[in-house]
Amino acid sequence: MKLGIDFKRRLTRNLTSWNTPNDPSPGQYTFKLVPGGLPEFFLFQGPKKIYASGPFNGAGLTGVPNLRSQDFLFTVVNSPDETYYSYAITNPQLRSRCGAYPAANVSGGINRGCVIWGVDLMDMRQYPAVVQDVFIRLAQSEVDALIAAARRQRPNRKLLIAGVAAASGVLLLGAILGCCCFWRKKRQAKTAPSSHSDVLPLRHRKHPAASPARNQRLEENRMGSEKDLDLPFFDLEAILTATDDFDPDSKIGQGGFGSVYMGKLEDGQEVAVKRLSKKSVQGVGEFKNEVKLIAKLQHRNLVKLLGCCIDDDERMLVYEFMPNNSLDTFIFDEEKRKSLVWKNRFEIIMGIARGLLYLHEDSRVRIIHRDMKASNVLLDRNMIPKISDFGIARMFGGDQTTEYTMKVIGTYGYMSPEYAMDGVFSMKSDIYSFGVLVIEIITGKRNRGFYDDELDLNLLGYAWMLWKEGRGVELLDEAMGGTFDYDVVLRCIQVALLCVQVHPRSRPLMSSVVMLLSSENATMPEPNEPGVNIGKITSDTESSQTQTGISLTETAVDAR
C-alpha cells in the first residue's frame, strides 16, 4: 500500500474514513502526506489538523514510536517524481484485509489479489477488455431475498415466445384497421368544423391535374405545419364561406402582411381573417412567427388568436373580431376623434401600457413587439385596446436585454433612433414607440404627418417645445369633446417625453410607466430633449404600412 503523491501523474493517495460503520461514503477524517521540506503525515478532521506524524528524518517518522515488525517492511521514498510512504507484507502466509470487508491473499497468483475501489459507489462505466469479479458483503437474510426475487423474475421461455407472437399479431391487425379507418374518414371529411370540437379540422385540397408526387409533398408540408404550430386549424372552405369568398366589401384592413377580412362562422361568431399576401417577401416567416408567439400569450390587452388555416399556398390567421377597428381610424379621423373623450383616451393609453408590460415583464417569454403603432392597436366593443400584429416580434431569453439586426423592419415615425440607425432593439425601443403613440393619442395628430414649417419641428419636437415653455396642455386635441383632468394630461405628456428620450438607458421600463401613469403622487424625473427622429418627410399613405431594408442612405435624419 502506498500513501503519498505522484508528481508526474498528478496522483494523490490518501486514507479516508467511512461516513459511518455501515456507510462507506467518504467521512470527515483523512490521513494524508503533506509535502514541503521533509515529508510528514497529518490526520485531518475536515479542514482541522488533529494529529502529526513528525517529519521523516531519513530513518523514520520522528513522531511515531519505533516499533519493529517481522511481518511488514516499511519504506519512505522522497524523490522529485514522487513522495510516498508504503508497507509490504514479508510473510506470504499472512492474510490481510482490503476493500470493504473481504479478506484476500495479497501475495499474488492466479485468481488472487485485491483491488481497491477508488471511484464513486455507483459506477456505470463498462470495461470491455477485462472482466473482474466484485464481492459484496450481505446478511444471509438479504441473500435469500435476492435469490427468491431472481427466481420469480426468471421468464418462462415458452410463455415469452407465445406472448411476443400474440402481441405482434394484435399490433399488425390494429395497424391495418387504423389505416382503413384513416382513409375512410379522410374521404368522408366534412367541409366545416363541428361546433363541439376544440381542434378545427383542416382539409387539404388536391388538384386533379397535379402529379401524385406533388400531392404527397403538399400533404407532408401541411401535416408538418400542423404539428409545428400547435394551434386550432380551420378548413379553407369554412373561411371562404365566412368571408363570402374574400368579398372586397368584407375587407377591413391592409398591411405589409396582407389583407384583413371580416367574417362570420357557422355558429354566428364574428372573426377577423388575416390573409397572407402571396407577393409578400416576409409573409411566410411573419406568419409562423406570429402564430408561435401569440399562441403562448393571453392578456386582456392582447388580441386573441382563435386559429389558423394552411391550404396549399394559402395561409391565414383567424382572430376575434374587433368591431371598432384599429386605433388610428379613431384618433386620426376628423369626425370620430370628436367622440373620443379624454376618459376614453386615458383608458386606451393605460390598456396599451398594461399590454406592453405583460409582453416585456409578466409573460412566460419576453416579447419585443418592434412595430408598436396606432394601426396595430385594435378596439373592441367597449373600446378596450388590444395589441395586435406580432409578425416581426422577437422572443428574448431570460437574461437577454438587446439584439442586433442587419435588416431593420418597422414603421417610420415610431422607430427608436438606435433601432432605425444601428439595428439595435430591446424593450426600450418598444417603449420609445409607446411614447410616440401616447403623444399621437393626446394630440390626434400623426408624428410623421405633423410638421411646423416656421419652427422646423415635427410632432415630438413641438411637444418638447411646449413642455419646456410650460404650455404642455396646449397639445391636447382641440377636436376632443367633454372635460379632462389638467394634471392627468400633463402627467401623460411627461411620461411620453420620458419614453422618447435619445438614450435607451434614460427611458423607463414599462413597470415604471404603468406606475407613473396610475399614481397621482408619484415623483417623476424631468425628461430630456427627444433624440433623433426618423421619418418626418411625408405623411403615411397607409396607416399600417411597414418598411424593410432601411438604411441611412434611404432615410432623412433630423436632430431634435
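Summary of computed values
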quantity: Highest average packing first - 438-447, 486-495, Cβ atoms within 10 Å; calculated: 438-447, 486-495
quantity: Fewest-first sequence of D389, D485, D328, D23 by Cβ atoms within 10 Å of each Cβ; calculated: D23, D485, D328, D389
quantity: Full-stretch length increase - A175, I147 - with 0.36 nm per residue and alpha-carbon distance subtracted; calculated: 6.0 nm
quantity: Packing-based exposure ordering (other Cβ within 10 Å, fewest first) of R507, R394; calculated: R394, R507
quantity: In nm, spacing of pseudo-spin labels at N22 and I161 (7 Å Cα→C-beta vector); calculated: 4.7 nm
quantity: Rounded FRET efficiency, nearest 0.05, which uses the C-beta distance separating E82 from S512 and R0 of 60 Å; calculated: 0.40
quantity: Sorted by Cβ neighbour density within 10 Å, fewest at the top, the residues D312, D399; calculated: D399, D312
quantity: Rg/Rh (Cα only; Kirkwood hydrodynamic radius) as it applies to the range 469-531; calculated: 0.98
quantity: Entries in K274/K373; K292/K428; K304/K428; K343/K386; K428/K468; K251/K304 that, when Cα-Cα distance is taken, lie over 21 Å; calculated: K292/K428; K304/K428; K428/K468
quantity: Per residue Cα convex hull volume in Å³ - calculated over the range 1-89; calculated: 129 Å³
quantity: Scattering profile of the range 235-277 at q = 0.18, 0.19 Å⁻¹ [log10 I(q)/I(0), Debye over alpha-carbon scatterers]; calculated: -0.44, -0.49
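Where a number appears in this text, it was derived from the coordinates with a stated rule and is not lab data. Just so you know, these numbers come straight off a predicted model, no measurement behind them. Because the Cβ atoms are built from the backbone with ideal geometry, glycine has one as well, and the counts that use them run over all protein chains shown.
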